[in-house]
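Below: one structure, written as structure tokens.
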Amino acid sequence: MRIIGIDPGTGILGFGVLDVDYKRGLRIVDAGVITTPAKQADSNRLLTIYEELEQIIRETRPQIMAVEKLFFARNVTTAMSVSQARGVVLLLGKQNGMELYEYTPLQIKSAVTGYGKADKKQVQEMVRVLLGLETVPKPDDAADALAAAVCCSMSRKAVA
């Protein structure tokens, strides 16, 4: 099974693709970020996200998409922008026939570290350990997306 995890954002959207084999473990296929210029119109930024994520999906062919839910935002403008990016992501997931799962940051942290209030560094280190990587995935948004994919793999295993 192949899962794509998404850490949504308009300026930086993280993605991480994992192969999941419950006998052999998790294997990273691809991870990175899609970036858009801050001064560009939102419509252009969303189009860039759509086109680049569509290409990643075409190349990696995941069956499942795990998306981090927007749980809290200090700035309403930022929350709206991230929500728009999430909409683009969810649309792409459905257009490509994927099963969609959404997780709060608390759910992701709990699944990856066993502690819902873990800090960013703890989550990233556990992603490194669980995926057998020599270093923490960079940038942070890619590591967060991989954490969402790991969370999904663990929650699916629990119900399998």
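Brief remarks on what is shown
- Subset of the stretch 115-133 (residues that are out of contact with any strand residue (DSSP E or B) (no Cβ under 9 Å at 6 or more places or on another chain), under 17 Å from LEU18 (Cβ atoms) and either outside any helix (DSSP H, G or I) or among the β-branched types (Val, Ile, Thr) (or both)): VAL123, VAL129
- The set of residues from the stretch 47-103 being modelled with pLDDT under 95 and among the β-branched types (Val, Ile, Thr) comprises VAL76, THR77, THR78, VAL82.
- Given (1) closer than 21 Å to PRO139 by Cα; (2) in contact (Cβ under 8 Å) with a residue 60 or more places away in the chain; (3) among the hydrophobic types (A, V, I, L, M, F, W, C); (4) crowded, with 18+ Cβ neighbours inside 10 Å, index of the condition ILE12 fails: (4)
- Residue match in the stretch 136-145 (condition: in a helix (DSSP H, G or I), over 17 Å from ASP19 (Cβ atoms) and free of Cβ contacts under 8 Å to residues at least 60 places away in the same chain): no
- ILE49 being of a type outside the set (D, E, K, R), crowded, with 17+ Cβ neighbours inside 10 Å, within 13 Å of the chain's Cα centre (by Cα) and outside any loop (DSSP other than H, G, I, E, B): no
- Looking only at residues in the stretch 13-41 that are charged (D, E, K, R) and modelled with pLDDT of 95 or more, the one that is nearest to LEU130 (Cα to Cα) is ARG27.
- Residues satisfying the criterion are absent from the stretch 93-108 (criterion: touching a Cys at 6+ places or on another chain (Cβ under 6 Å), touching a residue at least 60 places away in the same chain (Cβ under 8 Å) and part of a strand (DSSP E or B)).
- Of all residues in the stretch 59-86, none that is farther than 30 Å from ARG27 by Cβ and of a type in the set (Val, Ile, Thr) has its Cβ atom under 6 Å from the Cβ atom of a residue that is at pLDDT 95 or above and not in a loop (DSSP other than H, G, I, E, B), 6 or more apart or on another chain.
- The set of residues from the stretch 15-46 being exposed (fewer than 14 other Cβ atoms within 10 Å of the Cβ), small (Gly, Ala, Ser) and in contact (Cβ under 8 Å) with a residue 12 or more places away in the chain comprises GLY25, ALA38.
- The number of residues in the stretch 22-42 being touching a helix residue (DSSP H, G or I) at 6+ places or on another chain (Cβ under 7 Å) and outside any strand (DSSP E or B) comes to 3.
The values are calculated or read from the model by the stated rules, or taken from the named source; none is laboratory data. What you see is a predicted model; the values in this text were computed from it and never measured. In this analysis, Cβ positions are derived from the backbone assuming ideal geometry, glycine residues included, and neighbour counts consider all displayed protein chains.
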